[in-house]
Structures are given as C-alpha cells and as structure tokens.
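So the structure is just underneath, and the comments pick up after that.
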Amino acid sequence: MRQRPIGTATRGTTNPNRLRRMDRWIADAHGPALRRAGTPVAVDLGYGAAPWTAVELLGRLRTAEPRTAVAGIEIDPERVAAAKPYEREGLTFVHGGFEVPLAVRPTLIRAANVLRQYDEDQVAEVWARLCSRLDTDGLLVEGTCDEIGRRHVWVALGPEGPRTVTFATRLGSLERPSDLAERLPKALIHRNVPGEPVHAFLRDFDRAWAAASPYASLGARQRWIAAVRAVAADWPVTDGVRRWRQGEVTVAWNALRPTGH
C-alpha cells in the first residue's frame with residue numbers, strides 16, 4: 001500500500017514568473033550537476049493551485065541541460081488532477097508530499113513558499129527528509145518570495161545539509177537590503193532580532209547600502225554591487241559580480257545559521 005503523503009496543503013497561491021529569480025539562480029548554480037546526472041530529474045514541490053511554476057521550471061532548467069525532466073508534486077489531489085492536462089514530454093504531476101514519491105532520486109528539489117505555514121522547530125526535520133531523497137549530487141532549494149517575485153530569500157542544501165543563503169531582488173523596487181527580511185525562509189524569519197547572525201548581516205548590508213548612495217546616480221545595480229563588495233569584506237559571500245549584477249548575493253549558511261544550531 002502506498003504511503004500517505006507527508007505534510008499539509010499550502011494556500012496554493014501562485015502566479016506566472018513568480019519564481020523566475022530562483023529558477024535562474026538554480027540553472028546557473030546547479031546546471032553542472034544536472035549535466036552530470038545520468039537521469040536529471042527536478043521536483044517542484046508544492047507547486048500550488050496552478051501548474052505555472054512547474055511548467056516554467058522545465059523551460060528554465062532545459063536551458064542548462066536539455067535532458068532535464070520535472071515532476072510537480074502536490075499533496076492536494078484536486079490540484080494534481082487540474083494540472084494533468086499540462087503534462088507533456090519531460091513534465092509530470094504527482095500526488096505526494098515530503099516523502100517525494102518518485103522512482104528515481106531527484107537531482108533537484110525546489111520547495112518555494114511551502115514551509116512558511118510550518119513551525120520553525122519543524123524545519124530541520126523537513127529539510128532532513130527532503131535531503132535524504134536527493135541524488136548524491138542533488139540540491140534542495142527552499143525559500144520564500146513575494147506574490148509577484150520581486151523579493152526572494154532561499155537556502156540551498158546538499159545531501160549533507162544547508163550550504164548557502166541567497167538574497168535576490170528586483171533592484172528598482174528596493175529601498176534598503178533589510179526589506180528582504182520579510183521574505184526570510186522559516187528557518188531564519190524569526191531570527192531577525194539583535195544577537196542573531198542574520199540580523200547582524202542585514203544591519204551591515206543596510207549600512208553598506210547607505211554608504212554606497214553615491215553610486216545611485218549610476219543606477220541601483222551599481223549601488224548594489226558596491227554594497228555587496230563592502231559586505232563581502234566581513235561576511236563569507238560565495239558568489240561574484242556576475243550574480244550580483246542580477247540583484248543577488250549568496251552567503252555561506254554557517255555565517256547566518258541561528259544561534260544554538
């Protein structure tokens with residue numbers, strides 16, 4: 001008998017292009033692993049009431065590796081039934097949850113806006129369960145964004161656990177870097193308080209952004225790059241200018257992990 005899906009249904013809110021920033025980062029950062037995989041399979045976990053994010057994930061990942069297949073997994077069977085007409089070569093929709101009921105181990109699991117409704121003390125267990133389903137070269141990307149995809153924060157995890165935290169934004173909409181705090185994933189959102197590393201990082205980032213205000217005359221992108229370069233002097237930023245130009249910055253998880261973890 002098949003296992004009952006693990007987890008609870010999300011609100012299901014979704015919009016076209018909501019996850020484009022996350023998808024583009026995944027295609028760039030994880031493209032080599034997709035190309036190395038014998039059977040590159042990506043999972044869109046908890047895709048919601050409409051299948052747009054899974055459809056878009058397939059297109060974006062195929063720019064990195066044309067063999068990539070995507071499985072959209074939803075715990076609500078009615079959402080799976082509604083998505084079935086969108087199936088095509090390389091794209092399937094499956095009823096399931098955190099157990100990830102696939103015959104192969106995926107090279108990628110993307111869980112966007114899924115853990116927001118869970119308690120913070122449940123996150124580590126969910127992460128561990130999902131990471132245990134990954135291929136040896138696999139990646140879990142778990143995070144949160146706003147309704148139209150302007151602001152994202154996500155954690156990237158390998159089979160061994162969390163690796164990095166990425167902050168991504170449409171720079172024209174940004175007043176200060178700490179505006180991204182409202183999109184911190186569940187593992188960090190309640191830790192944006194004095195004494196916690198993520199609070200200190202966002203404080204330093206705001207200060208660097210303010211100091212970089214002379215660059216604003218050259219555009220928000222140049223101001224962001226200058227601010228990230230300043231922050232990188234004190235924090236372990238793991239990416240470079242090519243990604244910063246996209247309105248992104250990625251920091252080692254160990255520098256931002258909550259105290260006591």
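The values are calculated or read from the model by the stated rules, or taken from the named source; none is laboratory data. Worth saying up front: this structure is predicted, and the values here are computed from it rather than measured. Glycine gets a Cβ as well: all are built from the backbone with ideal geometry, and neighbour counts include every protein chain shown. Surface areas here come from the heavy atoms of the whole protein model, side chains and all, with no ligands, DNA or RNA. Shrake-Rupley method; radii C 1.70, N 1.55, O 1.52, S 1.80 Å.
What to note about this one:
- Flag set for GLU65, criterion: more than 23 Å from ILE148 (Cα to Cα), open to solvent by 10 Å² or more (accessible area, probe 1.4 Å) and among the acidic types (Asp, Glu).
- If you go through the range 43-60 and keep only what is buried (at least 24 other Cβ atoms within 10 Å of the Cβ) and either free of Cβ contacts under 8 Å to residues at least 24 places away in the same chain or small (Gly, Ala, Ser) (or both), you end up with GLY46, GLY48, ALA54.
- Looking only at residues in the range 105-124 that are assigned to a helix (DSSP H, G or I), surrounded by 14 or more Cβ atoms within 10 Å (Cβ to Cβ) and aliphatic (A, V, I, L, M), the one that is modelled with the highest pLDDT is VAL123.
- Residue that is surrounded by the fewest Cβ atoms within 10 Å (Cβ to Cβ) [pool: residues in the range 240-253 that are out of contact with any Lys or Arg (no Cβ under 9 Å at 6 or more places or on another chain) and in contact (Cβ under 8 Å) with a residue 12 or more places away in the chain]: ARG243
- TRP127 meets the conditions (1) within 24 Å of VAL70 (Cβ to Cβ); (2) open to solvent by 10 Å² or more (accessible area, probe 1.4 Å); (3) in contact with a Lys or Arg (Cβ under 9 Å, 6 or more places away or on another chain); (4) not basic (Lys, Arg) in every case but one. The failed one is (3).
- You will find that of ARG191, ARG163, the residue that is touching a residue at least 12 places away in the same chain (Cβ under 8 Å), assigned to a loop (DSSP other than H, G, I, E, B) and not aromatic (Phe, Trp, Tyr) is ARG191 and no other.
- The single condition among (1) within 20 Å of ARG129 (Cα to Cα); (2) of a type outside the set (Val, Ile, Thr); (3) surrounded by fewer than 19 Cβ atoms within 10 Å (Cβ to Cβ); (4) touching a residue at least 12 places away in the same chain (Cβ under 8 Å) that ASN17 does not meet is (1).
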